[in-house]
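Read the figures in this text as sums done on the coordinates, not as results from a lab. What you see is a predicted model, and the numbers here were worked out from it, not measured in a lab. Cβ sites come from the backbone with ideal geometry, for glycine too, and all protein chains shown count toward neighbours.
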Amino acid sequence: MRKQEYLDWIIDSFLKKRDIPPSIRTILRIGAYQLIFTNKPSYSVVNNCVELVEKKSFRGLVNAVLRKIAKTGYIEPKELYLKYSHPKWLIEYWKTFLPNDYLLKMLEYNQKPLKTTARVNMRKINRKNLELENITFTPHSPVGIIFERFETNPWKLEEYKNGYITFQSESSQIIPLLVNYENEENVLDACAAPGGKATHILEISNVNLYVNDYEKSKISILEEQFERLGLFPKKIMCKDASKLKLDNLFDKIFVDAPCTSLGTGRRNPEVLRRQSKNNILELSKLQKKIVSNLWKYLNKFGLLIYSTCTVTYEENTQVVKEFSRYAEFVDIREKLERFNIKYIWDGYGALFYPDETLTPFYVSILRKIKE
Ligand SMILES: C[S@@+](CC[C@H](N)C(=O)[O-])C[C@H]1O[C@@H](n2cnc3c(N)ncnc32)[C@H](O)[C@@H]1O
């Protein structure tokens, strides 16, 4: 899937009619990928693919197209969306607001699979004392480890089962570390499932943590995670955060918003192909509604920590900018530099630069100065 646009371009250049059944296109993509990007012998790739074709009338076409691809091999495309195999509309959209070097870095890293990372539960163990093989430390998160290779089912690891580690991206691990916590203060995580940041907050603080997520099916996952890690939230709720009514005020509110997740394309290549401009606009509306509703439950001078794992203007800068009349934006640049994180600062928040281990993430911290 990582090479889909490029493969379709090559395949289409050898087709008279581009309108072929999806199953035939899939077989052609598999064959083209193996011929261009692996060392498998071309005769066996072509034969195996032809055998996969159920409709006899398409066997000749698959055979002919793949033979031609085997002959030409890799062809260097001129257009960026083909060179880095991303949807064309997305590249054009990103070009409208991202610096060129950020865009190129993201496209390059999206070609490489991402190694699995986890966060270490500092309440139970230090990462130096973990007895796991093939791990290294994350370069930015002080509580993260990287699995250089996986030899077993990760969920069966004793270290996971006994609550020493939680699988989580390195970028995500940074967010709860950007603020300081007072004992017993009220903290709300409004979009909390599957609990990555919520459990992290309780690992590093002694706050009264309220958690919420709109999806019923994810509440049991949240509960399991707290139990596995030996942590106790004050309350777990299942409500739409844009309408949630609360009895208390909060000192900190985390909004790790539902978003288009375009920064996770390196781990989930399908996400890049699933999204649309319309989804970006719809989610931006929901995100503004969520922040706006929760604003009234934030104490004066309390902090709202807004984050997303996406790279869009409408879901990041535009959302937080909307609250600039009521908020001061905390300058987190120095903190990010202490974590050795490179970012784009938009005057409100920071968009992490992707690198070998870090995936794009946006975060902005709003201090409430007005209702
Ligand atoms: C980015 S994920 C949160 C990840 C989580 N904070 C973590 O670190 O593991 C966004 C979450 O928002 C939830 N969600 C979607 N719409 C919501 C809404 N209207 N109100 C509250 N939660 C919502 C989704 O179910 C999803 O679990």
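For the reader, a short list of remarks on this structure follows.
- Whether the stretch 4-75 is rounded, prolate or oblate, judged on the alpha carbon gyration tensor where a/c under 1.5 counts as rounded: oblate
- For the pair residue 23 and residue 125, label points projected 7 Å from Cα toward Cβ lie 4.8 nm apart.
- Residue pairs, from the table 115/288; 55/112; 115/239; 88/285; 128/216; 78/321, whose Cα atoms sit over 31 Å apart: 115/288; 55/112; 115/239; 128/216; 78/321
- With Cα atoms, 0 to 90° folded angle of helix 100-109 axis to the chain main axis: 70
- Note on residue 220 and residue 324: with the Förster distance fixed at 35 Å, the Cβ-Cβ geometry gives a FRET efficiency of about 0.35.
- Point-to-point label distance, residue 13-residue 63, nm (Cα→Cβ direction, 7 Å offset): 2.5
- DSSP bridge analysis restricted to the chain gives an antiparallel fraction near 60%, rounded to the nearest 5.
- Radius 10 Å from Cβ of residue 365, net charge of other residues (Lys, Arg +1; Asp, Glu -1): +1
- Relative contact order for the stretch 4-75: 36 percent, from Cα pairs under 8 Å spaced at least 6 residues apart, divided by residue count.
- Shape call, the stretch 117-167: gyration tensor on alpha carbons, a/c limit 1.5: oblate
- Residue exposure sequence - 159, 182, 131 - by fewest surrounding Cβ within 10 Å: 131, 182, 159
- Cα gyration tensor shape for the stretch 221-307, rounded if a/c is under 1.5, else prolate or oblate: oblate
- Peptides 6-16, 351-361 ranked from most to least packed by the mean count of surrounding Cβ atoms within 10 Å: 351-361, 6-16.
- Using distinct alpha-carbon pairs, which all enter the 1/r mean, Kirkwood radius of the stretch 147-241 in Å: 14.1
- Semi-axes of the equivalent ellipsoid of the chain are 42, 24, 19 Å, computed as sqrt(5λ) over the eigenvalues of the C-alpha gyration tensor in descending order.
- Degrees, to the nearest 10: 277-295 long Cα axis against longest axis of the chain: 10
- Each Lys or Arg adds one and each Asp or Glu takes one away; over the other residues whose Cβ falls under 15 Å from the Cβ of residue 231, this sums to +2.
- Rounded Å value of the spacing that divides the Cα centres of the stretch 273-352 and the stretch 28-69: 47
- Positive dipole terminus of the stretch 117-167, leading residue within 166, 137, 154 (C-beta point charges): 166
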